[in-house]
Amino acid sequence: MKKALVRSGWVLGLVTLLVTGCSKNVRPTSYQAELVESLDGDRVRIAALGVGDDTQEALFDSYRAAVYRLSQDLVQSQEERIGFEGVQDEIYVKANQYVEDYTIKSRRKEPQGDVKLNVDLVVNRKRLSDELVSLGVLKTQRQLLSDLRNPSIVVLPEERLAGAAWQRFATDRATSYLTTRKFEVLDAGQIQKINQMTGDSQQVAGFDLDPMAQIALQ
């Protein structure tokens with residue numbers, strides 16, 4: 001029993017040493033990867049180049065390159081990119097957890113000694129996204145809706161609606177619906193007056209819903 005404990009401690013120490021040694025360079029070497037196709041809602045196929053001193057190291061580098069490529073689709077805003085910068089080492093060191101399958105398409109050894117692999121990988125997008133949410137890089141849809149609070153919107157009836165009564169009816173119905181969806185409906189006349197006073201050349205009718213408002217209407 002004592003020998004088993006000593007051996008387990010030795011193995012654990014060796015694993016810790018290996019992880020510590022590898023943690024100094026856990027980021028991709030190549031960064032070369034491209035999205036080939038979406039297999040389903042959770043998984044994507046990515047073609048990546050891996051570079052390393054040997055085949056195993058080059059293979060794991062292709063994992064990291066694929067994860068980097070997929071993270072660029074998931075991380076959009078400046079705030080998210082800054083957040084990803086702070087946790088990227090934690091993501092890359094366990095890149096194999098997001099890779100479900102791989103096929104080595106080609107292998108070559110450069111004159112300087114580097115091994116380069118072209119690898120086709122199946123990466124679990126949902127697993128990576130969930131990890132980024134747990135690390136605070138991404139927000140859930142519920143959190144996004146919570147941040148929305150009461151987005152502002154202006155209702156303008158189409159000019160083809162003949163008569164003031166029809167325009168007023170359409171405006172009232174749209175306002176009622178948007179109010180129940182937590183929108184703050186602004187008065188179009190007041191907005192136009194403010195625009196004129198401030199010299200704003202943009203027309204109220206030309207405003208598009210921002211992405212957050214689109215989420216609220218889903």
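Table for the structure above
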| quantity | calculated |
| --- | --- |
| Residue in region 68-82 that is over 15 Å from the mean Cα position of the chain (by Cα), at pLDDT 95 or above and surrounded by 12 or more Cβ atoms within 10 Å (Cβ to Cβ) present | no |
| Breaking point among (1) over 17 Å from GLY52 (Cα atoms); (2) of a type outside the set (Asp, Glu); (3) over 13 Å from the mean Cα position of the chain (by Cα), for GLY136 | (3) |
| Close pairs (9 angstrom Cβ cut-off, 6 or more residues apart or separate chains): in contact (Cβ under 8 Å) with a residue 12 or more places away in the chain and of a type in the set (Asp, Glu) in region 31-51, surrounded by 21 or more Cβ atoms within 10 Å (Cβ to Cβ) and assigned to a strand (DSSP E or B) anywhere | GLU34/ILE46; GLU34/ALA48 |
| Number of positions in region 31-60 that are under 16 Å from the mean Cα position of the chain (by Cα) and part of a helix (DSSP H, G or I) | 0 |
| Residue among ASP101, ASP147, ASP89, ASP120 that alone is at pLDDT 95 or above, surrounded by fewer than 18 Cβ atoms within 10 Å (Cβ to Cβ), more than 21 Å from ARG45 (Cα to Cα) and not basic (Lys, Arg) | ASP89 |
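The values are calculated or read from the model by the stated rules, or taken from the named source; none is laboratory data. Keep in mind that this is a model prediction, so the values were computed, not measured. Backbone-built Cβ (ideal geometry, glycine too); neighbour counts: all protein chains shown.
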